[in-house]
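Okay, here's the structure, questions in a sec.
The values are calculated or read from the model by the stated rules, or taken from the named source; none is laboratory data. Note that the structure is a prediction, hence the values are computed from the model and not measured. Here the Cβ positions follow ideal geometry from the backbone for every residue, glycine too, while neighbour counts run over all protein chains shown. Side chains included, ligands, DNA and RNA excluded: accessible areas come from the protein's heavy atoms. Shrake-Rupley method; radii C 1.70, N 1.55, O 1.52, S 1.80 Å.
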Amino acid sequence: MTLPARVLVTRPQPQADGWVRQLRAAGLPAVALPLIEIGPAPDPSAVQAMVDGLQPGMLVMFVSPNAVSRFGACLPAGWAWPDGVRAACTGPGTVAALHVLGVPPEAVVAPAPGAVLESESLWERLRAEDWRGRRVWIVRGDGGRDWLASTLRQAGADVGFLQAYQRRAPAWTPEQRALATAALADPEGSCWLLSSSEAIDHLLTLLPRGRWERAWALASHERIAARARQAGFGRVENVAAGVEAVAQALKG
């Protein structure tokens with residue numbers, strides 16, 4: 001299999017640069033082209049108020065590494081994760097961010113090794129518990145998929161949402177726009193790594209005249225792959241989450 005001339009990492013910063021470093025270490029020509037920009041929490045005091053109310057038995061679910069880092073940015077120096085409170089997430093990047101935040105490994109709940117990295121797999125680790133009357137916080141940006149929240153509520157949990165960051169379309173630099181234009185002009189030699197349906201929406205807005213029928217994408221979930229096909233991408237492949245899986249797929 002011929003390697004692409006460029007692998008476009010569309011995750012938000014700083015995750016995009018981390019992926020680029022790891023993919024380049026694997027011998028792949030990765031470049032960062034974020035399609036989502038992350039802003040700070042709109043109300044840091046709401047984060048502090050939630051933290052002040054954490055008690056043993058509660059669960060805090062973080063939807064992404066950015067949810068963890070922006071949550072942490074609202075906390076005072078010296079703050080420590082409270083005993084008896086667990087933190088949940090769906091991916092290894094968020095697990096790593098939780099460890100940086102200071103959450104003890106035994107307090108972290110994530111999908112089982114080898115499972116699909118999504119809310120349904122996380123629920124398999126939680127469903128045996130009695131959730132009646134228990135408080136669950138979901139830390140996220142402005143909106144998102146509500147499947148886990150609905151499932152926990154059906155099980156009796158008291159679920160609340162905390163907005164720890166804002167998502168928006170990026171303001172591309174001239175260099176980034178030139179990179180995107182070059183990728184469009186060389187669809188067979190350019191592979192887009194897509195990890196968000198929202199990122200695809202932003203891409204279509206940023207390049208409204210783009211022709212995607214020959215474009216190549218790797219999508220980290222079937223929902224994202226379906227959105228890419230709907231957007232017009234002619235070659236879309238599903239790939240497991242994580243840098244190693246992406247590198248393996250690109251190397252055939």
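What are the pairs with Cβ atoms under 9 angstrom where one residue, in region 157-171, is farther than 9 Å from Gly141 by Cα and the other, located anywhere, is among the β-branched types (Val, Ile, Thr) and exposed (fewer than 14 other Cβ atoms within 10 Å of the Cβ)? Sequence gap at least six, or different chains.
Ala169/Thr205
Could you grab me the full set of residues in region 77-121 that are in contact with a helix residue (DSSP H, G or I) (Cβ under 7 Å, 6 or more places away or on another chain) and in contact (Cβ under 8 Å) with a residue 40 or more places away in the chain?
Of everything in region 77-121, those that are in contact with a helix residue (DSSP H, G or I) (Cβ under 7 Å, 6 or more places away or on another chain) and in contact (Cβ under 8 Å) with a residue 40 or more places away in the chain turn out to be Gly93, Val109.
Also, I was wondering about something else. Across region 1-13, which residue is nearest to the chain's Cα centre (by Cα) among those that are open to solvent by less than 40 Å² (accessible area, probe 1.4 Å) and farther than 23 Å from Ser69 by Cα?
Leu8
For region 31-49, enumerate the residues that are buried (at least 20 other Cβ atoms within 10 Å of the Cβ) and either touching a Pro at 6+ places or on another chain (Cβ under 6 Å) or farther than 16 Å from Arg177 by Cα (or both).
Pro34, Ile36, Ile38, Ala41, Val47
Quick one: would you say Ala180 is over 17 Å from Arg6 (Cβ atoms) and in contact (Cβ under 8 Å) with a residue 40 or more places away in the chain?
Criteria not met by Ala180.
Name the single residue, out of those in region 76-94 being at pLDDT 95 or above and open to solvent by less than 40 Å² (accessible area, probe 1.4 Å), that is farthest from the chain's Cα centre (by Cα).
Top of the filtered list is Pro82.
Counting only residues that are of a type in the set (Gly, Ala, Ser), open to solvent by 30 Å² or more (accessible area, probe 1.4 Å) and modelled with pLDDT of 95 or more, how many does region 209-231 have?
Total meeting the criteria: 1.
To continue, here is another question. Please determine whether any residue of region 1-18 is more than 30 Å from Ala128 (Cβ to Cβ), among the hydroxyl-bearing types (Ser, Thr, Tyr) and without any contact (Cβ under 8 Å) to a residue 12 or more places away in the chain.
Yes, region 1-18 contains a residue that is more than 30 Å from Ala128 (Cβ to Cβ), among the hydroxyl-bearing types (Ser, Thr, Tyr) and without any contact (Cβ under 8 Å) to a residue 12 or more places away in the chain.
Among the residues of region 66-90, write down those that are of a type in the set (D, E, K, R) and outside any helix (DSSP H, G or I).
Asp83, Arg86
Given the conditions (1) assigned to a helix (DSSP H, G or I); (2) in contact with a Leu (Cβ under 8 Å, 6 or more places away or on another chain); (3) open to solvent by 30 Å² or more (accessible area, probe 1.4 Å); (4) under 22 Å from Ala169 (Cβ atoms), and given that Ala16 satisfies all but one, which numbered condition is not satisfied?
Exception for Ala16: condition (3).
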